[in-house]
Every structure is written in structure tokens, then in C-alpha cells.
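The values are calculated or read from the model by the stated rules, or taken from the named source; none is laboratory data. What you are looking at is a predicted structure, and each value in this text was computed from that prediction instead of being measured. In this analysis, Cβ positions are derived from the backbone assuming ideal geometry, glycine residues included, and neighbour counts consider all displayed protein chains.
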Amino acid sequence: MNALLVVGSPKGKKSTSQAIGGALLRRLAASGWKTSDTTVAAALSSPENLDRFGRDVEAADFILYAFPLYVDQLPTPVIRSLEFLAGRKNNPTGAPADRPAAPKLAIIVQCGFPETHQNNPAVEIMRKFAAAAGFRWAGALAAGMGGAVGNRSLDKPAGPVRNIVKALDLAAASLAAGNDIPEEASALFGKPMMPKFLYTFAANFGMKLQARKFGVKKSVYARPYA
């Protein structure tokens, strides 16, 4: 099996999306899968890279999109890449001739909001895209409090990411067995990583530090159009 990770975060390979998606790919590689990864930014950087991206997707058995939520929507570059793939669906050039079925598509989406349900519209958009573009929908892992992942290890279940790690283990085992991401994995992945008040406090504190760093502490509450 050939798995391709597509990272939709503007931060690319330094992003939380890469960290979580890469952790799932490592588990699939341990099961004998051939894995590779790319970023949407790299794919959109030139016509040649975009064509190569399309061929890589068509040659994969399993495509994993990992991206952050932008308010309640997919990042614009992710949407552009999906439009490109949808435009190629009737004219594939790189798919193996002996493939028995359409490739599977799954997603990992996380947001800075405390609530996991904020990701629901994005999950539904991707599910409908899969049906429209000729992919087999393999499920989603969605989580709130994405900022809590940081640079934590996703190899062992410990601390705030313990349920994330357990969910990745379950998802990888199911996918390696030829199945989809199970509901149990999705439910675990979406559990809060810490109490909401603690996450909100840490997020607000981090925002104030950023405001001070960039010299806008005094104007962060400005309301110029009020």
C-alpha cells in the first residue's frame, strides 16, 4: 500500500498538521506501507509541481489530508488543491492500471478553539469532496485545542496528548487491516486535552506574549470602527 500525506498548513513541515499526520504515517510504515508526504504550498508553487502533485495523488492507495481549521473553513490553499484534483478526476494519468478500486481519502483537522465540534463543517466538506472527486471516504480525526499539541511526542500516550496517541494507534491498525478510521479512534481524538478554562487561560496568555513581542500590546483591544 502506498500512502501520501498532504499537509495543508501554511507552516508546512513545522506545523501541528505535519506532526500529527506524520505520526500516523510512521505507524503505517511500521505495518509495511510505503509512505511519502508533501505540502499544499509546495504543490501550488509551480505548474510543474502541481502536475507532479496530481500524479502522486493518483498513484497513491491512501491519501491523508492534514490541515488546521480557518475559522470554520478549510484554508484557501487546501481548497485550491482540492479544486485541482477534482478537475483531474475524469482524466487521470498516474493511477496504476491494475488498481482494483478508487484510492481512499481521510483527513486530520484540528483547530485552536477548545471545542472539537467546530471542525464538523470542514469534515463534511471533505467527505462530500471525496464522493464528488472519486475517492473512497475513509474517515476523519478532528480535535479542538490543537495548540496544546506543540512539540510533544506522539509516540507514547502521555500527558495532554495521550488520547491523540491512542487514537492514532487505533486508526493506523484499522487502516493497515484494510478498514477505515473507526469511530472509537475519532471519539478519542476529539476528547479535550485539558480543562477548557486552563486551555483558554494558556491561549490568552500566549496571545499577550505575542502582542508584546510584536509591539502591539497597547493596541490589541483597539476598535477603530466602533
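Tell me the helices (runs of 4 or more DSSP H) entirely within segment 127-226 that contain at least 2 residues that are farther than 30 Å from ASP61 by Cβ. Give the steps one after another, and end with the answer.
Details: elements: 162-176, 183-189, 196-213.
Passing ranges, in order: 196-213.
Quickly run through segment 197-217 and pick out the residues that are aromatic (Phe, Trp, Tyr) and either farther than 15 Å from PRO114 by Cα or free of Cβ contacts under 8 Å to residues at least 12 places away in the same chain (or both). Break it down stepwise before answering.
We begin by selecting, within segment 197-217, every residue aromatic (Phe, Trp, Tyr); these are 197, 199, 201, 205, 214.
Across segment 197-217, the qualifying residues are PHE197, PHE201, PHE205, PHE214.
Rundown of residues vs (1) at pLDDT 95 or above; (2) among the hydrophobic types (A, V, I, L, M, F, W, C); (3) surrounded by 15 or more Cβ atoms within 10 Å (Cβ to Cβ); (4) over 22 Å from the mean Cα position of the chain (by Cα), yes/no style:
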position	(1), (2), (3), (4)
VAL165	yes, yes, yes, no
LEU168	yes, yes, yes, no
ALA171	yes, yes, yes, no
ALA177	yes, yes, no, no
ALA185	yes, yes, yes, no
GLY190	yes, no, yes, no
THR200	no, no, no, yes
PHE214	no, yes, no, yes
ALA226	no, yes, no, yes
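Which of the helices (runs of 4 or more DSSP H) contained wholly in segment 1-73 include at least 1 residues that are in contact with an Asp or Glu (Cβ under 8 Å, 6 or more places away or on another chain) and not basic (Lys, Arg)?
Because the criterion is at least 1 residues that are in contact with an Asp or Glu (Cβ under 8 Å, 6 or more places away or on another chain) and not basic (Lys, Arg), the helices (runs of 4 or more DSSP H) in segment 1-73 that meet it are 16-30.
Within segment 9-17, identify whether any single residue is among the hydroxyl-bearing types (Ser, Thr, Tyr), touching a residue at least 60 places away in the same chain (Cβ under 8 Å), under 19 Å from GLY139 (Cα atoms) and touching a Phe, Trp or Tyr at 6+ places or on another chain (Cβ under 8 Å), and answer yes or no. Even if it seems obvious, please write down each step before you answer.
Residues of segment 9-17 among the hydroxyl-bearing types (Ser, Thr, Tyr): 9, 15-17.
From the residues that got through so far, the ones that are touching a residue at least 60 places away in the same chain (Cβ under 8 Å) too are 9, 16-17.
From what's left, under 19 Å from GLY139 (Cα atoms): 17.
Narrowing the set further to residues that are touching a Phe, Trp or Tyr at 6+ places or on another chain (Cβ under 8 Å) leaves 17.
Looking for residues that are among the hydroxyl-bearing types (Ser, Thr, Tyr), touching a residue at least 60 places away in the same chain (Cβ under 8 Å), under 19 Å from GLY139 (Cα atoms) and touching a Phe, Trp or Tyr at 6+ places or on another chain (Cβ under 8 Å), one finds at least one in segment 9-17, hence yes.
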